Amino acid sequence: MTAARASELPATSLLHACREAGAFTDCYVVAIDGVVSQATYIEAFYTTGLFKVERAVLKWLAARPSSDIDAKRLAEGMVESFAAWRVEKRTADQLLLADVTGRTKSWLMAVPTAGAGVEAQTWLYFGSAVVPRGYAGSGKPTMGFGFDALLGFHRLYSRLLLGATRSRIVGAMERS
């Protein structure tokens, strides 16, 4: 699978707690031949050209600058914040970041797989959570107009980010 696609959350995903608390969650996945570490995935994701555009926006609009070195330090577990996010939870194969408002979260997970007679492969997962603004009289979560207006863009952007990350990692593997 070379193109990123929507996926169910893996059973071990850190986003399950968000979903159970009423947040919107989504998940996208792409596969790469070979073994890719969680640190390699995180660094590649946050240093793609596409994500650098988001970093530039955050630098100017939110006064939250970040660099490729900052992304590497996040990937290596040396820092607990990056641009407009802070580490909410980290495991050996997952990273959950919350934005400074706590309203949106980003999640990354790398899952290497291999079996008898099967080439090694790594599944790269990317997902988001959006915490509701409140609850309607019916008790259903309300996300607000901005959420509804941007959901289509978010879905496309998520797939593009994951695809750009895959390309970045594959290119690095081919050069080494």
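The values are calculated or read from the model by the stated rules, or taken from the named source; none is laboratory data. Keep in mind it's a predicted model, so treat the numbers as computed, not measured. Methodologically, a virtual Cβ is constructed for each residue, glycine included, from the backbone with ideal geometry; neighbour enumeration extends over all protein chains shown. The accessibility values were calculated without ligands, DNA or RNA, using every heavy atom of the protein model including side chains. Shrake-Rupley method; radii C 1.70, N 1.55, O 1.52, S 1.80 Å.
Please give the number of the condition Met143 fails out of (1) closer than 26 Å to Ala21 by Cβ; (2) at pLDDT 95 or above.
Exception for Met143: condition (2).
For Thr40, state whether it is of a type in the set (Ser, Thr, Tyr) and open to solvent by 10 Å² or more (accessible area, probe 1.4 Å). If you could, list the steps in order and put the result at the bottom.
Details: of a type in the set (Ser, Thr, Tyr): yes; open to solvent by 10 Å² or more (accessible area, probe 1.4 Å): yes.
When the stated conditions are applied, Thr40 passes them.
If you scan the stretch 67-102, which residues turn out to be open to solvent by less than 30 Å² (accessible area, probe 1.4 Å) and among the β-branched types (Val, Ile, Thr)?
Kept after step one, since they are open to solvent by less than 30 Å² (accessible area, probe 1.4 Å), are these residues of the stretch 67-102: 71, 74-75, 79, 82-85, 87, 94-99, 102.
Those that are open to solvent by less than 30 Å² (accessible area, probe 1.4 Å) and among the β-branched types (Val, Ile, Thr): Val79, Val87.
Which condition does Val57 not pass, out of (1) surrounded by fewer than 19 Cβ atoms within 10 Å (Cβ to Cβ); (2) not in a helix (DSSP H, G or I), if it passes all the others?
(2)
Working only within the stretch 103-113, note down all residues that are surrounded by fewer than 22 Cβ atoms within 10 Å (Cβ to Cβ) and touching a residue at least 40 places away in the same chain (Cβ under 8 Å).
Answer for the stretch 103-113, where residues must be surrounded by fewer than 22 Cβ atoms within 10 Å (Cβ to Cβ) and touching a residue at least 40 places away in the same chain (Cβ under 8 Å): Val111, Pro112.
Answer yes or no: is there a residue in the stretch 119-130 that is at pLDDT below 95, part of a loop (DSSP other than H, G, I, E, B) and more than 18 Å from Ala17 (Cα to Cα).
Initially, the stretch 119-130 is screened for residues at pLDDT below 95, giving 119-121, 130.
Imposing the further condition that a residue be part of a loop (DSSP other than H, G, I, E, B) reduces the set to none.
Within the stretch 119-130, none of the residues are at pLDDT below 95, part of a loop (DSSP other than H, G, I, E, B) and more than 18 Å from Ala17 (Cα to Cα).
With the checklist (1) more than 29 Å from Gln121 (Cα to Cα); (2) in contact with a helix residue (DSSP H, G or I) (Cβ under 9 Å, 6 or more places away or on another chain); (3) of a type outside the set (A, V, I, L, M) in hand, flag the one item Trp60 doesn't pass.
Against the list (1) more than 29 Å from Gln121 (Cα to Cα); (2) in contact with a helix residue (DSSP H, G or I) (Cβ under 9 Å, 6 or more places away or on another chain); (3) of a type outside the set (A, V, I, L, M), Trp60 comes up short only on (2).
Within the stretch 14-37, how many residues turn out to be surrounded by fewer than 19 Cβ atoms within 10 Å (Cβ to Cβ), among the hydrophobic types (A, V, I, L, M, F, W, C) and part of a helix (DSSP H, G or I)?
1
Report whether or not Ala11 is of a type outside the set (Asp, Glu), exposed (fewer than 15 other Cβ atoms within 10 Å of the Cβ) and under 12 Å from Ala129 (Cα atoms).
On the way: of a type outside the set (Asp, Glu): yes; exposed (fewer than 15 other Cβ atoms within 10 Å of the Cβ): yes; under 12 Å from Ala129 (Cα atoms): no.
Criteria not met by Ala11.
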